[in-house]
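Read the structure below first, then the notes.
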Amino acid sequence: MKVHHLNCGTMHPGGAPTMVCHVLLVETDNGLVLLDTGYGTHDCDDHTRIGPSRHYLKPTFDHGETAARQVERLGFTRDDVRHILVTHFDIDHIGGLSDFPDAQIHVTAAEVLGAVREPTFREKVRFRPAQWAHGPKLVEHTADGEKWRGFAAAKELDDISPGIVLVSLPGHSRGHACFAVDAGHRWVLHCGDAFYDSGTLGGRSEIPRAVKILEPMLAFDRKQVRNNHARLAELYHRREPDLLMICAHDTSLYEHAKATA
């Protein structure tokens, strides 16, 4: 499968480094698959759609960065996107869902429960129903398959395409998930917001102070986030040559992935 690395939303949060919305576009025999969407065209048209967080995150709201426009620049149509894998329902990960109304949206059942069906008060404040008001075709998953690289809660999504694995990793949100994609020469493990900065894994010595504050503040389960960091760092330090670990917002990881795709 050919994997394209897209930035679908540059952000300039106060006190933190510039962040990207690292999205994958995967060419499969079963059509195109998006992994997250970043911000969408409707967000660019109406900034209030994403709520007050826009004042802190300061997205560029560039139509040219949306997944829809980037898919078209690559020579495809929006209808070619048949499946969208969603790590979680935060605004900067699902803003583009409405740009692909016919796609099936694959997400964990726990995330749908916490964002759409039975949100707690904190979750009601966190998530924006406008992002799914168009009635997306949700396909709910429970990670109950074989182990994957030490993760017990994993599920191969062969119905979409062989070589795509959902890894349940709650903590940042109630039903947060990671996805692994077989790019041929390596596996790409997109960790979503399971970590924010490569320093969490040992990629560099210092994590920006703003990231240290923001990550636990947004976490659904802080203890689980810390446990996830330890598990991901252990995997990172194995230095497995056929595995690339990325997250949603680290600019350096995005640039490295794009340069070595």
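The values are calculated or read from the model by the stated rules, or taken from the named source; none is laboratory data. Everything numeric in this text was worked out from a predicted model, so none of it was measured. FYI the Cβ positions are ideal-geometry reconstructions off the backbone, even for glycines, and counts take in every protein chain you see.
What the table below lists for this structure:
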{"quantity": "Within segment 73-93, tally of residues that are charged (D, E, K, R) and under 11 Å from residue 115 (Cβ atoms)", "calculated": "1"}
{"quantity": "All strands (runs of 3 or more DSSP E) inside segment 124-179 with 1 or more residues being touching a Lys or Arg at 6+ places or on another chain (Cβ under 9 Å) and touching a residue at least 60 places away in the same chain (Cβ under 8 Å)", "calculated": "164-168"}
{"quantity": "Residue match in segment 80-97 (condition: among the aromatic types (Phe, Trp, Tyr) and within 21 Å of residue 157 (Cα to Cα))", "calculated": "yes"}
{"quantity": "Members of segment 200-252 found to be of a type in the set (A, V, I, L, M, F, W, C), crowded, with 16+ Cβ neighbours inside 10 Å and in contact with a strand residue (DSSP E or B) (Cβ under 8 Å, 6 or more places away or on another chain), listed by number", "calculated": "201, 232, 235, 244, 245, 246, 247, 248"}
{"quantity": "Failed item in (1) farther than 15 Å from residue 248 by Cβ; (2) touching a helix residue (DSSP H, G or I) at 6+ places or on another chain (Cβ under 6 Å); (3) aliphatic (A, V, I, L, M), with residue 213 passing the rest", "calculated": "(2)"}
{"quantity": "Which numbered condition residue 210 fails, given (1) touching a Ser or Thr at 6+ places or on another chain (Cβ under 9 Å); (2) within 21 Å of residue 14 (Cα to Cα)", "calculated": "(1)"}
{"quantity": "Total residues in segment 154-175, condition out of contact with any Gly (no Cβ under 7 Å at 6 or more places or on another chain) and over 15 Å from residue 88 (Cβ atoms)", "calculated": "9"}
{"quantity": "Sole residue being within 16 Å of the chain's Cα centre (by Cα), surrounded by fewer than 24 Cβ atoms within 10 Å (Cβ to Cβ) and closer than 20 Å to residue 196 by Cα, chosen from 10, 18", "calculated": "10"}
{"quantity": "Restricting segment 29-76 to residues that are among the small types (Gly, Ala, Ser), in contact with an Asp or Glu (Cβ under 8 Å, 6 or more places away or on another chain) and not in a helix (DSSP H, G or I), the residue that is farthest from residue 192 (Cα to Cα)", "calculated": "31"}
{"quantity": "Qualifying position, being part of a helix (DSSP H, G or I) and either farther than 21 Å from residue 22 by Cβ or modelled with pLDDT of 95 or more (or both), among 230, 248", "calculated": "230"}
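Residue-wise test of (1) over 16 Å from the mean Cα position of the chain (by Cα); (2) acidic (Asp, Glu).
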| residue | (1), (2) |
| --- | --- |
| 69 | yes, no |
| 76 | yes, no |
| 81 | yes, no |
| 86 | no, no |
| 92 | no, yes |
| 107 | no, no |
| 117 | yes, no |
| 125 | yes, no |
